[in-house]
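Working notes, beginning with the structure itself.
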Amino acid sequence: MIVKIRKAKKFLLAVLASSSLTACVPLEEQAQSSGTGTTAQAALRYEDYVYHESIRSVQAYLATGETDQVLNPPVTAISQQYPLVLEFDRLKAGPQRLLAKLVHCNANWTPSNLSETQYLNDFNEFFITDVQNSVNTRVPYVHYRFRVPRVKLSGNYLLVVQEEGGNLLLTQRLLVFQNTVIVTAKLGAPLGPGGREARQPVEFNVFYKDYHIVNPSMEVKAILRQNYRWDNAKNISKPTFIHDAQRRLEYVFFEPKDLFKGFAEFRAFDTRSLTFNGIGVQSINLESNPIAVDLEPGKSRQTAVYSQEPDINGMRIFGNRQYGSGEVNGDYTLVDFELNVPAEAPGAVYITGGLTNWNQKEEARMRYLAEEGKYKGQLLLKQGYYNYYYTLKPNASAATDESYFEGSHFATENSYDILIYYRPPGTRADLLIGYEELAFNRR
């Protein structure tokens, strides 16, 4: 099994339990959806993206059969012992015939030049047949579950879900790897001051003793991710050192900009029960429709000392403690966020994490109330246990900065994974030839 269940994750789940396609060519234009709302983006995007406002609660994971399998990233070995699964809801719509397709992509998430028959055994058009209506919820929805078909080649895959008429609904990135090289990783020494700048060095080696690589300094590509995020992944174009005699590539980083900030443990709230206030919940209004949930007011942690709290590294677990399955019994609630700060930040402030797919969605943007000295925001979210951050997108900057409100610490527990790509001579696609996970500050 490729997924290494961290002790902190197991501890957290125990605590929570006890307290309770076609060819790889971009689509040029898409018509507006026949469902509720309008298409958010006409052209196909090679990223995790929701194109229609009715699509909610998208989760992709490796289905190992464990109770916490939804926390697994959508990464599988080429043997595909366990399947990749996609789940999502569609609000304000009845069951419809939806289609899924797979696109093989290069390391930089551009479509590869492979034909579909080179990476699939089946015709590239799969109907999603596991469909259920919500049960006893104030906000009705249809829940879809899709088991991703087996593929022939390793690499990046974009899963595209659309209506039968061709209108895009969502895209989701998946990874299939082969262990033709060996990746070993270790933790580096602390780098940078405390406060907002503390970094977490990760060093790794790639051994290719039994795999022929023609020009490793130019043809091997590495990507380093923190908590399985794509929005701030580090693209490493070449190794730091090449040890020809050992057939080893060494990756060591000396500049702070090449390393991830540690940030802080995630903020959390729990709405799996609406009859009492869960973690991080201040009040619940059962009279409103949808049900309204006010979270406990937060404050900036920029200068706070490190606090060790169990979390699930920005992810979420859907559930309903009263009626059972969160898949179809979990209701949608309007969750109000509040961040108390004495002055307005120099840029836009967003709620971020798995609950927004790490995107800066307009609906997740907070507004500042100067007379009250606070930011306010609201999201429609399915019942569950959530991790999140507050992030700043500075004026005239494309990058966001979670450390502005959350601070950064070397001691923070984070997960890292390393992706190694190579395009063999004479081929037309990047293959994912090595994969490794590392828990930084494992508890």
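Odds and ends about this structure:
- Among the candidates Asn395, Asn441, Asn359, residue that is polar (S, T, N, Q), under 17 Å from the mean Cα position of the chain (by Cα), at pLDDT below 95 and surrounded by fewer than 20 Cβ atoms within 10 Å (Cβ to Cβ): Asn359
- Residue tally, condition basic (Lys, Arg) and part of a loop (DSSP other than H, G, I, E, B), over region 92-119: 2
- Every residue from region 220-270 that is farther than 24 Å from Gln172 by Cβ and hydroxyl-bearing (Ser, Thr, Tyr): Ser237, Thr240, Tyr251
- Residues in region 68-88 that are among the polar types (S, T, N, Q) and closer than 15 Å to Met315 by Cα: Gln69, Asn72.
- If the condition is being surrounded by 21 or more Cβ atoms within 10 Å (Cβ to Cβ) and farther than 15 Å from His212 by Cα, then region 415-429 contributes Ser415, Tyr416, Asp417, Ile418, Leu419, Ala429.
- Selection status of Leu334, surrounded by 19 or more Cβ atoms within 10 Å (Cβ to Cβ) and touching a strand residue (DSSP E or B) at 6+ places or on another chain (Cβ under 6 Å): no
- Answer residue from region 398-418, given it is in a helix (DSSP H, G or I) and among the aromatic types (Phe, Trp, Tyr) and is nearest to Pro256 (Cα to Cα) among those: Tyr404
- Taking first residues from region 345-360 that are more than 17 Å from Gln226 (Cβ to Cβ) and in a strand (DSSP E or B) and partners that are hydroxyl-bearing (Ser, Thr, Tyr) and modelled with pLDDT of 95 or more, the Cβ contacts under 6 Å between residues at least 6 apart in sequence or on separate chains come to Val349/Tyr375; Tyr350/Thr391; Ile351/Tyr388.
- Flag not set for Glu265, criterion: of a type in the set (Asp, Glu), within 23 Å of Asp417 (Cα to Cα), in a strand (DSSP E or B) and modelled with pLDDT of 95 or more.
- Residue within region 270-284 that is assigned to a strand (DSSP E or B) and under 27 Å from Gln200 (Cβ atoms) present: no
- The number of residues in region 315-326 being over 19 Å from the mean Cα position of the chain (by Cα) and either outside any strand (DSSP E or B) or surrounded by fewer than 19 Cβ atoms within 10 Å (Cβ to Cβ) (or both) comes to 6.
- Scanning region 196-250 for residues that are touching a strand residue (DSSP E or B) at 6+ places or on another chain (Cβ under 7 Å), in a loop (DSSP other than H, G, I, E, B), crowded, with 20+ Cβ neighbours inside 10 Å and modelled with pLDDT of 95 or more yields Asn227, Tyr228.
- The set of residues in region 337-347 that are surrounded by fewer than 19 Cβ atoms within 10 Å (Cβ to Cβ) and either more than 21 Å from Asp294 (Cβ to Cβ) or in the same structural domain as Phe146 (by TED's automatic domain parsing) (or both) comprises Pro342, Ala343, Glu344, Pro346, Gly347.
- Scanning region 38-78 for residues that are over 21 Å from Leu355 (Cα atoms) and modelled with pLDDT of 95 or more, we see that the one that is farthest from the chain's Cα centre (by Cα) is Ile78.
- Long-range neighbours under 6 Å by Cβ, at least six apart or interchain, first residue within 18 Å of Gly319 (Cα to Cα) and assigned by TED's automatic domain parsing to the domain that holds Phe318 within region 272-288, second aliphatic (A, V, I, L, M) and in a loop (DSSP other than H, G, I, E, B): Ile284/Leu274
- The set of residues in region 57-76 that are outside any loop (DSSP other than H, G, I, E, B) and buried (at least 17 other Cβ atoms within 10 Å of the Cβ) comprises Ser57, Val58, Gln59, Ala60, Tyr61, Leu62, Val70, Leu71, Val75, Thr76.
- Residues satisfying the stated conditions in region 235-290, i.e. of a type in the set (Asp, Glu) and more than 24 Å from the chain's Cα centre (by Cα): Asp244, Glu250, Glu255, Glu287
The values are calculated or read from the model by the stated rules, or taken from the named source; none is laboratory data. All figures in this text were calculated on a predicted structure; none of them were measured in a lab. Counting neighbours? That spans all protein chains shown, and the Cβs are built from the backbone with ideal geometry, glycine included.
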